[in-house]
Amino acid sequence: RPWKLAEHARLGKGKVVGVVVLDGWGEAPPDPFNCIHVADTPTLDALKKGAPERWRLIKAHGTAVGLPTDDDMGNSEVGHNALGAGQIYAQGAKLVDLALASGKIYEGEGFKYIQQSFETGTLHLIGLLSDGGVHSRIDQLQLLLKGASEHGAKRIRVHILTDGRDVLDGSSVTFVETLENDLAKLREKGVDARIASGGGRMYVTMDRYENDWQVVKRGWDAQVLGETPHKFPSALEAVKKLRDDPKANDQYLPPFVVLDESGKPVGPIVDGDAVVTFNFRADRMVMLAKALEYEDFDKFDRVRFPRIRYAGMLQYDGELKLPSHYLVAPPEIERTSGEYLARNGVRTYACSETVKFGHVTFFWNGNRSGYFNPNLERYEEIPSDTGIPFNVQPRMKAVEVAEKARDAILSGKFDQVRVNIPNADMVGHTGDLEATIVGCKAADEAVKIILDAIEQVGGIFVVTADHGNAEDMVKRDKSGKPIRDKDGNVQPLTSHTLNPVPIAIGGPGLAPGATFREDLPDAGLANVAATVINLHGFEAPHHYEPTLIQVSPVPF
Ligand code: 3PG
Ligand code: CO
């Protein structure tokens, strides 16, 4: 297949295209728990009300983005993959399901590799313990535990990370109970299986994009060294006791280790052991993978670097080939819009702050971290604040990111300027409604800065989102009513949603006859890439999901 794109019959080349991804910005009916509705968002409101033929909703969850079922909420990985790739790929969650169901996972190179340690070593499983389906799923862990023991693992240690972000806060207790039950059953069958350590995902292990290596270090101390201030006789007791602190929540539980009767940690990772990180999603596993795999490593003092056989559930970074062993092959996301545009001479600038930087670069480009053509591309990262909860600084770096984008647009050096504005998602995940409202307002201000710059240069804009979050911040019953406890309190919804997201196009450079087609009611995020390629003046590749726009000739 050729890389050269044909010129679009009706849309000209050479206009600056600003692409804004509002993270966690879905569409839902007006409601007190819809923070986007409650927030003052004049820019986004104007896009919606201003030009109905240039605003619509698109699907951002479930099978439309390659997830196993339509009950799966959207997330940034699959969302940005679809936005950038223009095609729908079966994603990690689904690929792992298939490999487990067929048993192929146990025949692959990765499993055979770790299996060599089963005779004399321990198998350690490290990952997120919930049924969120964003980074991992507990049912996959359960199948893997069963399968690994049937395939020779005699001693198994699980290192859990509690969630409360893709699932309700407080649910960690039930997930630990479920896992403890399974491990007890394994023990009845003669497998020495226990939970060895744990901690909350945002405080222990699951950092991303090298925002804060201390997070990974805290996990290392618990999982590998077995040394933490908090020690408990069981994980269930640990999670319950640590949650007694009124300020505690699942996302930020401190690291802990489980001790045996003699007071020794039950499962530090030592020479000769096997380790599997059972998350399928890449961004929050890459840093731990580096610590486990790289001989040369200077991000923190590992104290001890055990000689282990390590495999990821998936290979997390295809370019770095990290980790080098994995149980399931990742989706091969190819021929992304970023690569097409680079090969057709389009100059691209991409920017976000650290916590979302890889979303508009790595995920957008099909899980590739580098440039396609360094002469044409520039990716800029604004450092996120570390150690400050996002509900304490809900404006985050939205305006800074937008100002970088504005400068890139005005510079005349770029044809596409692409950003991710994180607030609705990152603050939404805290479950703090007041703060989320402030965050949504800041995101709207950021969009205004970018649209003003597009206006100045006669460019085109595309404003969309990767999945829902801030538009629904409460746990609801089946009929959609907020669930209240006996005191009338609601439970905040920290997770993403199943809602569609808006997309708006416009700007002085957009051909007057360009509008959204009406024949694609079920379109989703994967239809955006062809749309953006069109706006750069090219026909999209034939194998892409169809463009959202039509261009009618405008009479003089
Ligand atoms: C996270 O990793 O922060 C959440 O699990 C998912 O959020 P994201 O998909 O918006 O990054
Ligand atoms: Co999110």
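Summary table below
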quantity	calculated
Meets criteria (in contact with a strand residue (DSSP E or B) (Cβ under 9 Å, 6 or more places away or on another chain), under 22 Å from residue 357 (Cβ atoms) and surrounded by 14 or more Cβ atoms within 10 Å (Cβ to Cβ)) for residue 286	yes
Hey, residue 492 at pLDDT 95 or above and either out of contact with any strand residue (DSSP E or B) (no Cβ under 7 Å at 6 or more places or on another chain) or on the phi > 0 side of the Ramachandran plot (or both) or not	no
All positions within the stretch 410-434 that are away from ligand 2 (no atom under 15 Å from the Cβ) and of a type outside the set (Val, Ile, Thr)	410, 411, 412, 413, 414, 415, 416, 418, 433, 434
Criterion violated by residue 47 - all others in (1) surrounded by fewer than 19 Cβ atoms within 10 Å (Cβ to Cβ); (2) closer than 27 Å to residue 537 by Cβ satisfied	(1)
Given (1) more than 16 Å from ligand 2 (Cβ to nearest atom); (2) over 29 Å from residue 462 (Cβ atoms); (3) part of a loop (DSSP other than H, G, I, E, B), index of the condition residue 157 fails	(3)
Close pairs (8 angstrom Cβ cut-off, 6 or more residues apart or separate chains): among the hydrophobic types (A, V, I, L, M, F, W, C) in the stretch 66-79, outside any loop (DSSP other than H, G, I, E, B) and near ligand 2 (Cβ under 10 Å from one of its atoms) anywhere	none
Tally of residues being in contact with a helix residue (DSSP H, G or I) (Cβ under 6 Å, 6 or more places away or on another chain), part of a loop (DSSP other than H, G, I, E, B) and away from ligand 2 (no atom under 16 Å from the Cβ) across the stretch 384-409	1
Every residue from the stretch 165-197 that is part of a loop (DSSP other than H, G, I, E, B) and either basic (Lys, Arg) or surrounded by 16 or more Cβ atoms within 10 Å (Cβ to Cβ) (or both)	165, 166, 167, 168, 169, 171, 189, 191
Residue 162, sole failed condition from (1) surrounded by fewer than 20 Cβ atoms within 10 Å (Cβ to Cβ); (2) under 19 Å from the mean Cα position of the chain (by Cα)	(1)
Where residue 483 falls short, out of the listed (1) more than 16 Å from ligand 2 (Cβ to nearest atom); (2) among the hydrophobic types (A, V, I, L, M, F, W, C); (3) touching a residue at least 12 places away in the same chain (Cβ under 8 Å)	(3)
Close pairs from the stretch 448-473: first touching a residue at least 40 places away in the same chain (Cβ under 8 Å) and assigned by TED's automatic domain parsing to the domain that holds residue 359, partner assigned to a loop (DSSP other than H, G, I, E, B) and among the β-branched types (Val, Ile, Thr), Cβ under 6 Å, at least 6 apart	457/16; 459/16; 468/497; 472/497
Set 75, 34: member being out of contact with any strand residue (DSSP E or B) (no Cβ under 7 Å at 6 or more places or on another chain), away from ligand 2 (no atom under 16 Å from the Cβ) and assigned by TED's automatic domain parsing to the domain that holds residue 472	34
When residues of the stretch 30-65 are limited to those that are over 20 Å from residue 434 (Cβ atoms) and aliphatic (A, V, I, L, M), the one farthest from the chain's Cα centre (by Cα)	51
Selection from the stretch 241-253 of residues that are under 28 Å from the mean Cα position of the chain (by Cα) and outside any loop (DSSP other than H, G, I, E, B)	242, 243, 250, 251, 252
Criterion (surrounded by fewer than 20 Cβ atoms within 10 Å (Cβ to Cβ) and not assigned by TED's automatic domain parsing to the domain that holds residue 36) met by exactly one of 493, 520, 498	498
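The values are calculated or read from the model by the stated rules, or taken from the named source; none is laboratory data. Computed from a predicted model, the values in this text were never measured in an experiment. Cβ: placed from backbone, ideal geometry, glycine included. Neighbour counts: every protein chain shown.
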